[in-house]
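Undergrad: This structure is in structure tokens; I'll ask about it shortly.
The values are calculated or read from the model by the stated rules, or taken from the named source; none is laboratory data. Remember, it's a predicted structure, so these values are computed and weren't measured experimentally. Cβ sites come from the backbone with ideal geometry, for glycine too, and all protein chains shown count toward neighbours. What goes into the accessible areas is simple: the full protein's heavy atoms, side chains included, and nothing from ligands, DNA or RNA. Shrake-Rupley method; radii C 1.70, N 1.55, O 1.52, S 1.80 Å.
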Amino acid sequence: MIEIKKIDFNTTFSVRHPVLRNGRPIETCFFDGDDLETTTHFGLFFDKNLIGVISIFKNKNSIFSVQNQFQIRGMAVLEDHQGKKLGKKLLDQAEQVIIDQKGNLIWFNARENAVPFYQNSGYEILGDAFEIKEIGIHYLMFKNLRQ
Ligand SMILES: CC(C)(COP(=O)(O)OP(=O)(O)OC[C@H]1O[C@@H](n2cnc3c(N)ncnc32)[C@H](O)[C@@H]1OP(=O)(O)O)[C@@H](O)C(=O)NCCC(=O)NCCS
């Protein structure tokens, strides 16, 4: 059985750590703003086990001029469960919550390997690749929610 529920930021760490911060100290799983009231974290539970996470931050990127922007961070599915459309379920859930909050735009820094996953859901790349220290090559990606 699959269930998506709101979770606390520290609950995300059991997925963030092996998938996004493997081999690094657990403290590196904390993102600035994780504990803000405007930040929402979702977990996907498969047979009651947390196997995927996504976080939504109310955060404006000055590259975009529209108001009410949201940033997605910490999108991760445990390796054994990847490729089963569970990441897409989490991304769809985040998108719906942002639409419900009258968000105009979603943006994030996507790892190079995840770009096709996001393109599959209608996100576009803006600009050139850039390096995030100790993590790797990223692209700025976005989706306009209102045309
Ligand atoms: C990226 C990630 C979240 C995707 O979740 P997932 O559950 O594996 O992906 P899904 O099975 O939901 O994929 C949804 C769609 O995207 C496609 N897709 C996913 N990853 C892809 C890839 N690397 N290349 C091409 N297509 C891909 C799938 O084929 C599927 O397409 P379909 O609906 O047409 O069949 C997951 O693989 C992951 O945690 N990766 C490691 C951490 C990471 O890179 N996180 C993103 C940080 S920005």
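Undergrad: Residue under question is residue 43, and the condition is that it be in a strand (DSSP E or B), within 8 Å of the ligand (Cβ to nearest atom) and closer than 14 Å to residue 9 by Cα; does it hold?
TA: Against the criterion (in a strand (DSSP E or B), within 8 Å of the ligand (Cβ to nearest atom) and closer than 14 Å to residue 9 by Cα), residue 43 does not qualify.
Undergrad: Out of the stretch 81-94, which residues are in a helix (DSSP H, G or I) and either out of contact with any strand residue (DSSP E or B) (no Cβ under 8 Å at 6 or more places or on another chain) or modelled with pLDDT under 95 (or both)?
TA: Hits for the stretch 81-94 are 88, 92.
Undergrad: When you check residue 49 against the structure, is it within 13 Å of the ligand (Cβ to nearest atom) and surrounded by fewer than 12 Cβ atoms within 10 Å (Cβ to Cβ), yes or no?
TA: Answer is no for this residue.
Undergrad: Could you list all residues from the stretch 80-110 that are touching a residue at least 12 places away in the same chain (Cβ under 8 Å), surrounded by fewer than 17 Cβ atoms within 10 Å (Cβ to Cβ) and over 18 Å from residue 3 (Cα atoms)?
TA: Selection gives 99, 101, 102, 104, 109.
Undergrad: Another question, if that's okay. Limited to the stretch 67-79, what total is found for residues that are surrounded by 14 or more Cβ atoms within 10 Å (Cβ to Cβ) and in a loop (DSSP other than H, G, I, E, B)?
TA: 2
Undergrad: So, one more: Can you tell me which residue in the stretch 10-28 is surrounded by the most Cβ atoms within 10 Å (Cβ to Cβ), limited to those that are hydrophobic (A, V, I, L, M, F, W, C) and out of contact with any Gly (no Cβ under 8 Å at 6 or more places or on another chain)?
TA: Top of the filtered list is 13.
Undergrad: Given (1) within 17 Å of residue 9 (Cα to Cα); (2) open to solvent by less than 40 Å² (accessible area, probe 1.4 Å); (3) in contact with a Leu (Cβ under 8 Å, 6 or more places away or on another chain), where does residue 58 come up short, assuming only one miss?
TA: Status for residue 58: all satisfied but (2).
Undergrad: For the stretch 95-147, give me each residue that is near the ligand (Cβ under 9 Å from one of its atoms), of a type in the set (D, E, K, R) and in a helix (DSSP H, G or I).
TA: Hit for the stretch 95-147 is 112, nothing else.
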